[in-house]
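*Asks:* To start, I am sharing the structure in question, which I have written as structure tokens.
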Amino acid sequence: MDAVVTILIAIGAVGLIVQALVGLNFFVTCIWEKERRASVFAGLQFLGMGALLVIYVLLIWNGFFRTTLGLAILIAGYVLVVSGAIVVLRRTAPNPRALQGSKGLIVGEVKRQDERAIVFARNRSLRIDSEQYKTFYMQYREYEEYDKRRRQLGGPLGHPGVIDKPHEGPNVAATLASASIPTHLSTPGAFNPRPHPELKGKKYEVSPEEATERAKGYARNRGADLVGITEVNPLWIYSHRGEIFHNNWEDWGKEIKAEHKYAIVFATEMSFEMVGTGPHSPTMIESMGNYAQGAYIATQLAHFIANLGYSAIACHLRHYEGLMVPLAVDAGLGELGRLGYLITKELGPRVRLGAVMTDLPLIPDKPVDIGVEDFCRICKKCAVCCPSNSIPVVKDQTVANGSLRWKLNDETCFEYWGKIGTDCNICMRVCPWSHARTFPHKIIVELITRNKSARRLFSIMDDIFYGKKPKVKAIPKWARFSKRSKQ
Ligand code: SF4
Ligand code: SF4
């Protein structure tokens with residue numbers, strides 16, 4: 001009996017040492033993340049854990065656990081810890097909808113999206129008084145007045161009085177520098193390369209296994225952080241072309257055919273530090289920098305595939321064939337979150353997406369269930385923090401265009417971008433999935449992806465440690481606001 005009690009006491013001591021070390025690690029990472037509020041709470045938590053350890057050692061020293069009362073308390077502690085562990089560690093029932101990918105969310109008729117009606121295409125491509133302008137607003141009258149107002153707000157070089165003006169000049173310059181890359185890569189020869197002439201119409205014979213390994217490996221080698229493959233669901237391909245660059249107006253309104261069987265979808269990580277500054281201008285540098293990186297990866301991957309003799313179309317900021325998020329969901333990169341972005345297990349919503357459509361034979365990945373739908377039902381932080389109330393706060397998804405989702409109001413969101421002169425990103429910054437993947441956060445993500453109770457627990461903990469409305473993080477020195485403004 002004595003030996004059993006000794007073992008129980010020793011295991012208890014080891015457990016308390018481990019939890020104190022995890023607490024210390026969390027405290028240190030909160031300081032590293034420059035999270036003031038979380039550092040205070042993590043510090044208090046660590047002190048509490050340390051105090052518990054000291055009390056435990058003193059009780060061992062006094063032989064307390066060898067008394068009847070001490071043993072009863074020790075056993076009660078074990079029961080409490082073991083039952084708590086079972087509650088948050090076991091794998092709870094999967095979400096069958098998530099495991100079906102975007103198909104799992106379809107509950108009615110889905111109409112293919114016309115790219116001409118997308119908020120960016122309307123405001124970016126259409127030239128006032130052009131034929132296309134008249135044609136478009138004849139068909140979509142509801143947007144005309146709204147778009148007129150939105151155009152007056154402008155982009156990052158827009159009207160004075162926006163969020164960081166007049167001191168953000170260098171940050172706008174950096175943003176526009178990155179924005180030039182996708183534009184350079186949006187000519188038809190760049191996004192839809194012809195097979196190499198030396199192939200003379202032949203194709204490399206390559207098995208789906210090898211092609212998959214090479215395509216994914218090359219995308220990662222070029223800088224993609226996550227890569228997945230899906231068979232293309234034609235519902236997510238645009239019905240008509242609407243975004244025009246290089247004056248290629250004969251393409252405007254052209255029907256887009258879903259010709260390729262596969263999509264290789266990839267994600268690049270957005271810096272935790274830069275996203276943390278949203279809605280200020282450094283977050284805009286990060287968004288555009290990622291779009292530039294995505295264009296660079298997608299273009300090279302499309303050329304690689306074309307050089308094997310297969311058809312390939314690069315999808316990036318200045319040339320999309322369809323909607324990236326449902327394709328990424330189907331390619332197993334993550335799930336659709338309340339904020340309208342893809343949420344990945346590895347990086348949360350802190351990613352930008354790109355893709356290549358191709359007929360290269362490939363092996364598709366399977367959609368994943370990482371608990372996003374359930375977590376978003378509880379959390380709502382992005383909706384509460386959204387300054388333009390563009391994210392629905394209702395508990396459950398509603399039906400929009402035949403699909404279940406929390407329908408983002410992209411009109412009011414885009415209008416807000418025009419008012420502040422940046423791409424905001426507050427929703428991405430405050431999302432609990434966006435935390436840097438330090439050791440404690442990796443453990444938390446593991447738990448919330450597998451267990452419903454852990455989702456409830458850590459959603460509350462996130463509010464306590466980071467606040468219901470988390471504060472903007474410090475701006476990196478190199479992207480600080482300039483004292484001098486444009487003359
Ligand atoms: S980007 Fe800003 S305005 Fe748009 S949905 Fe997110 S928080 Fe709201
Ligand atoms: S902030 Fe919360 S509700 Fe919004 S996407 Fe992230 S997890 Fe979901």
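*Asks:* Among the listed residues Val399, Val472, identify the single one that is over 17 Å from Asn95 (Cβ atoms), among the aliphatic types (A, V, I, L, M) and within 16 Å of ligand 2 (Cβ to nearest atom).
*Replies:* Val472
*Asks:* Within the range 407-452, can you find the residues that are farther than 18 Å from Gly276 by Cα, hydroxyl-bearing (Ser, Thr, Tyr) and either part of a loop (DSSP other than H, G, I, E, B) or away from ligand 2 (no atom under 16 Å from the Cβ) (or both)? Spell out how you get there, then give the answer.
*Replies:* So in the range 407-452, the residues farther than 18 Å from Gly276 by Cα come out as 407-416, 418-419, 439-440, 442-452.
Still in the running and hydroxyl-bearing (Ser, Thr, Tyr): 412, 416, 449.
Result: Thr412, Tyr416.
*Asks:* Somewhere in the range 38-56, is a residue crowded, with 17+ Cβ neighbours inside 10 Å and over 30 Å from Val28 (Cα atoms)?
*Replies:* no
*Asks:* For the range 431-453, what are the residues that are in contact with a Leu (Cβ under 9 Å, 6 or more places away or on another chain), within 19 Å of Pro349 (Cβ to Cβ) and either among the aromatic types (Phe, Trp, Tyr) or surrounded by 19 or more Cβ atoms within 10 Å (Cβ to Cβ) (or both)?
*Replies:* Scanning the range 431-453 gives Cys431, Trp433, Ser434, Ile448.
For every residue, the table says whether it meets (1) aromatic (Phe, Trp, Tyr); (2) surrounded by fewer than 13 Cβ atoms within 10 Å (Cβ to Cβ); (3) not in a loop (DSSP other than H, G, I, E, B).
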| position | (1), (2), (3) |
| --- | --- |
| Arg127 | no, yes, no |
| Phe136 | yes, no, yes |
| Asp147 | no, no, yes |
| Ala173 | no, no, yes |
| Leu176 | no, no, yes |
| Ala190 | no, no, yes |
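*Asks:* Taking the options Val372, Val368, name whichever one is crowded, with 23+ Cβ neighbours inside 10 Å and away from ligand 1 (no atom under 16 Å from the Cβ).
*Replies:* None of the others qualify; the one that does is Val372.
*Asks:* Let me ask something else. Out of the residues in the range 354-396 meeting the condition of being among the charged types (D, E, K, R) and assigned to a loop (DSSP other than H, G, I, E, B), tell me which one is farthest from ligand 2 (Cβ to nearest atom).
*Replies:* Asp359
*Asks:* May I pose another question? Exactly one of these conditions fails for Val399: (1) out of contact with any Gly (no Cβ under 9 Å at 6 or more places or on another chain); (2) of a type in the set (Val, Ile, Thr); (3) outside any loop (DSSP other than H, G, I, E, B). Give me its number.
*Replies:* (1)
*Asks:* Checking Arg149 against (1) over 26 Å from Glu250 (Cα atoms); (2) without any contact (Cβ under 8 Å) to a residue 24 or more places away in the chain; (3) over 28 Å from the mean Cα position of the chain (by Cα), which test does it fail?
*Replies:* Against the list (1) over 26 Å from Glu250 (Cα atoms); (2) without any contact (Cβ under 8 Å) to a residue 24 or more places away in the chain; (3) over 28 Å from the mean Cα position of the chain (by Cα), Arg149 comes up short only on (2).
Any read-out appearing in this document is the output of simple, stated calculations on the displayed coordinates, not a laboratory observation. Just so you know, these numbers come straight off a predicted model, no measurement behind them. Note that each Cβ is placed from the backbone with ideal geometry, even for glycine, and that neighbours are counted across all protein chains shown.
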